[in-house]
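The values are calculated or read from the model by the stated rules, or taken from the named source; none is laboratory data. Not measured: the values here are computed from a predicted model. All Cβ positions, even for glycine, are placed from backbone atoms using ideal geometry, and neighbour counts span all protein chains on display.
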Protein chains: 4
Amino acid sequence: MAEANITSPLARVDSSLARQGMMQQLGVYLVAVEAGRCELGLPFSDKVTQQQGSFHGGAMGALADIAGGYAGLTVAPTDAEVTTVEYKINFLTAKTGGDLHAIGRVLKAGKRLIITQADVFHIDPDGTRTLCAVMQQTLAPVHKQY
Amino acid sequence: MAEANITSPLARVDSSLARQGMMQQLGVYLVAVEAGRCELGLPFSDKVTQQQGSFHGGAMGALADIAGGYAGLTVAPTDAEVTTVEYKINFLTAKTGGDLHAIGRVLKAGKRLIITQADVFHIDPDGTRTLCAVMQQTLAPVHKQY
Amino acid sequence: MAEANITSPLARVDSSLARQGMMQQLGVYLVAVEAGRCELGLPFSDKVTQQQGSFHGGAMGALADIAGGYAGLTVAPTDAEVTTVEYKINFLTAKTGGDLHAIGRVLKAGKRLIITQADVFHIDPDGTRTLCAVMQQTLAPVHKQY
Amino acid sequence: MAEANITSPLARVDSSLARQGMMQQLGVYLVAVEAGRCELGLPFSDKVTQQQGSFHGGAMGALADIAGGYAGLTVAPTDAEVTTVEYKINFLTAKTGGDLHAIGRVLKAGKRLIITQADVFHIDPDGTRTLCAVMQQTLAPVHKQY
């Protein structure tokens, strides 16, 4: 039933992602979601580049932030949203072309705080997968406002 | 002379910002720049929102990252670019409408590493200024590739 | 009256610091405390060195963590303790001899989360003051267990 | 031969750890080391407690910092030391008694920068293993000064 679907991890993330203007603008797409884990993708385009023509660190940071946030959303109460308290990201290498995939994982699902990590991989058109960035994040469940 | 202008803090940041597809896309503009300090602005639009209609954390993170990076660029050798090694951002409050301003400041300008902090303020249409996020960042000067 | 003193910022921090085995062990002392701000000191000794003979990063990290935590404690409800959710520290320079002072400041005092920053200075025996490290931190007020 | 042993991962870490006054003071011991990975232990004692009697966050932070640093040391040039540029740690749970183990792993071994992660586990006397903290860290190889 629709009611049940709304609270499935996939439905929750899909419905929230569609409401994110920035993510729609950049071209972020959902790869996979399950309880405690979310994988998002971002294709290379001139909307996400920095001054040397590679994927912008801001794009990697935003993608990792959202992947961690949606991993957290899947374990939050069904009447809650999650908000990012803070995150920290290390960049390992810069990449041009292909897609970025960010995989967020929940490490701790507390009532007041959710702790996650995310890995950002570059997926080359030839299939090569390279770790580009790693993130640690703190989320807080908050009352859903819409 | 043009040659000299190219290495002024303003000219360096302006020229680099124009090359950043993502920042152009989001609407980021330069407010002020001097040696060791850079202030950037970002107007509210549906390109920078999250699922509840406020400025996206990813937009705040990208703006802070760039403001810190450009503050660093002003103290890097003139034949160098800077690349973000890592940053960490804490979000203090969510805001809708108005503009965000991020002010990056250099704390340490080393040969191999530059350490910065940035504050992100929300500027309400009525002029109210609210601290929204704080960032710490590590940059590395790298050889300019263009 | 004793009852009132217990809830003054100074009394709260002093009473808590005396209970911290690790801080007693390392020789941490209270410099100053007021609502939203706490300054702690740590003298150089062979209890706080790393392999090259300078102050250990772990000692700087612990001192900054505690200074931020006690700044937070001064703004938490009087029946609460605070616990560190996370922190991030950048090291600017290594120092030998003298004292370290860490100054924690509250940026946001929320009901569920408190956000702080701390600066760690080295105080040379000749009085020279050098910024050594900067920290950002998230705290959570928790029920006092003693 | 002694010359060769000095550059084995185990010998490098062991020799450096013995020089760290703070780690000797706290009781930190080496569990295992191989290229790109280092595991350290810390027994519970009143030298490492906070005000509620649990392991101090500062002790967890120092242990994680060192485990990451030594993981990095194993992949640095043999005439180099490593210094911590920055780290960020999230605390998941507080523990009393038993031992802490921190496992540092190298994610990227660059010439100028080494990126690591560390997990801190609590090992209960009954053998139960609980993830207590996670860290991300940036190291820089530096010239050995001793």
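Structure notes:
- Filtered residues of the stretch D:86-110 (kept if small (G, A, S) and within 14 Å of D:T138 (Cβ to Cβ)): D:G104, D:A109, D:G110
- Conditions (1) more than 8 Å from every other protein chain (Cβ to nearest Cβ); (2) within 21 Å of C:A109 (Cβ to Cβ); (3) among the aromatic types (F, W, Y): number failed by C:Y29: (2)
- Selection status of A:T96, over 10 Å from the mean Cα position of the chain (by Cα), more than 10 Å from chain B (Cβ to nearest Cβ) and not aliphatic (A, V, I, L, M): yes
- Of all the residues in the stretch C:36-50, those that are within 7 Å of chain D (Cβ to nearest Cβ), under 24 Å from C:G72 (Cβ atoms) and charged (D, E, K, R) number 0.
- Subset tally (residues that are among the acidic types (D, E) and touching a strand residue (DSSP E or B) at 6+ places or on another chain (Cβ under 7 Å)) for the stretch A:110-133: 1
- Of all the residues in the stretch D:51-85, those that are within 7 Å of chain C (Cβ to nearest Cβ) and over 29 Å from B:Q137 (Cα atoms) number 2.
- Among the numbered conditions (1) aromatic (F, W, Y); (2) at pLDDT below 95; (3) in a strand (DSSP E or B), the only one that C:Y146 does not meet is (3).
- Meets criteria (crowded, with 24+ Cβ neighbours inside 10 Å, in contact with a strand residue (DSSP E or B) (Cβ under 8 Å, 6 or more places away or on another chain), within 29 Å of A:H143 (Cα to Cα) and of a type outside the set (D, E)) for C:Q136: yes
- Failed criterion for B:M23 (all others in (1) surrounded by 15 or more Cβ atoms within 10 Å (Cβ to Cβ); (2) more than 14 Å from chain A (Cβ to nearest Cβ); (3) at pLDDT below 90 hold): (2)
- Among (1) over 19 Å from A:D65 (Cα atoms); (2) of a type in the set (V, I, T); (3) buried (at least 17 other Cβ atoms within 10 Å of the Cβ), the one test that B:V31 misses: (3)
- Considering residues of the stretch B:71-82 that are at pLDDT 95 or above and of a type outside the set (A, V, I, L, M) only, the residue nearest to the chain's Cα centre (by Cα): B:G72
- Among the candidates C:K95, C:K111, C:K88, C:K47, residue that is closer than 23 Å to B:V120 by Cα and at pLDDT below 95: C:K111
- Which numbered condition D:T116 misses (of (1) over 25 Å from A:D119 (Cβ atoms); (2) hydroxyl-bearing (S, T, Y); (3) away from chain C (no Cβ under 13 Å)): (1)
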